[in-house]
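To keep things clear, I will list the structure first and then write my remarks on it.
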Amino acid sequence: MPLYIGDYAKDTRRLTTLQHGAYILLIMDYWCNGGLPDDDGMLARIAGLSDEEWRCVRIAIAPLFRPGWHHKRIDEELKKASEKSRKAKESACNRWKDKVNLKNAKAMQTECYTSIPKAMLPQPLSNIKKEKIYKKEKVFKHELPEGWQPDESDLAYGKKLGLLNGHFEGQLEALRLWAKANKILKVDWHATLKGFLRRDAEKHGIMATANGHDPTADPFAAQVAYWRKEGLSEERIEELKARLNG
């Protein structure tokens, strides 16, 4: 039951504590049962008073009600609550009907589709994408093939990096030794070679020049500088260079 403190205080300002208690009990019973009985004995029981006490309290409380113990404000609130409840029930029913209709629509759609070939049914975009992926040729990682050679794009990339032919061949042989010694598996060895050349040019080309090595005179200058940085002995470096030279 909504209780508006301002309105309540305005209407009951002249009531005693006993009268306040009796009035509160009466309007609470009114709210719960939708009205009060027009019987003083019953009203006394609701207010928790004896018959004598009720006769004294009744004089102050009766003016707050209409004839027949009706209460204008509570009747209005009961009407609002009833209307609110009705709308809530209607909304719930409508939602339920929508769910039932949607379920029936899906069932009808399923029944219709059973008579249509699967290939003619609309397919989700995700299925179409998956189908295209599956149709692509699968490529697996593999070791560097025996006698593998770079193609024109590899040579062009080496020139773009500013690598001389001799230096390019040295790096190619270094790649072969690395791949064979470590049993490396790659999908695209041409891309691997390009990455190998790019990293070598970026990391070691400047270092080789700064250490007094001329890459134009020694195609393995960058590789030698790298080996020295890694702590390889000169004897081991000469051995590796001999292997690269064939």
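The values are calculated or read from the model by the stated rules, or taken from the named source; none is laboratory data. Here the structure is a predicted model, which means the values were calculated and not measured. So basically every Cβ, Gly included, is an ideal-geometry build from the backbone, and we count neighbours across all protein chains shown.
For (1) under 19 Å from ALA81 (Cβ atoms); (2) without any contact (Cβ under 8 Å) to a residue 12 or more places away in the chain; (3) basic (Lys, Arg), each residue gets a yes or a no:
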residue: THR17; (1), (2), (3): no, yes, no
residue: LEU25; (1), (2), (3): no, no, no
residue: TRP31; (1), (2), (3): yes, no, no
residue: LEU36; (1), (2), (3): yes, no, no
residue: ASP40; (1), (2), (3): no, no, no
residue: GLY48; (1), (2), (3): no, no, no
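Restricted to the range 32-43, and to residues that are surrounded by 15 or more Cβ atoms within 10 Å (Cβ to Cβ) and out of contact with any helix residue (DSSP H, G or I) (no Cβ under 6 Å at 6 or more places or on another chain), which residue is modelled with the lowest pLDDT? In this case the residue turns out to be GLY35.
In the range 196-246, which residue that is of a type in the set (Asp, Glu) and at pLDDT below 75 is farthest from ILE184 (Cα to Cα)? So, considering only residues that are of a type in the set (Asp, Glu) and at pLDDT below 75, the one farthest from ILE184 (Cα to Cα) is ASP214.
Across the range 147-163, the number of residues qualifying as modelled with pLDDT under 85, surrounded by 11 or more Cβ atoms within 10 Å (Cβ to Cβ) and in contact with a Gly (Cβ under 9 Å, 6 or more places away or on another chain) comes to 2. Hey, among LEU144, LEU121, which residue is modelled with pLDDT of 85 or more, in contact with a helix residue (DSSP H, G or I) (Cβ under 7 Å, 6 or more places away or on another chain) and either under 20 Å from VAL224 (Cβ atoms) or not assigned by TED's automatic domain parsing to the domain that holds GLU239 (or both)? On inspection, the qualifying residue turns out to be LEU144.
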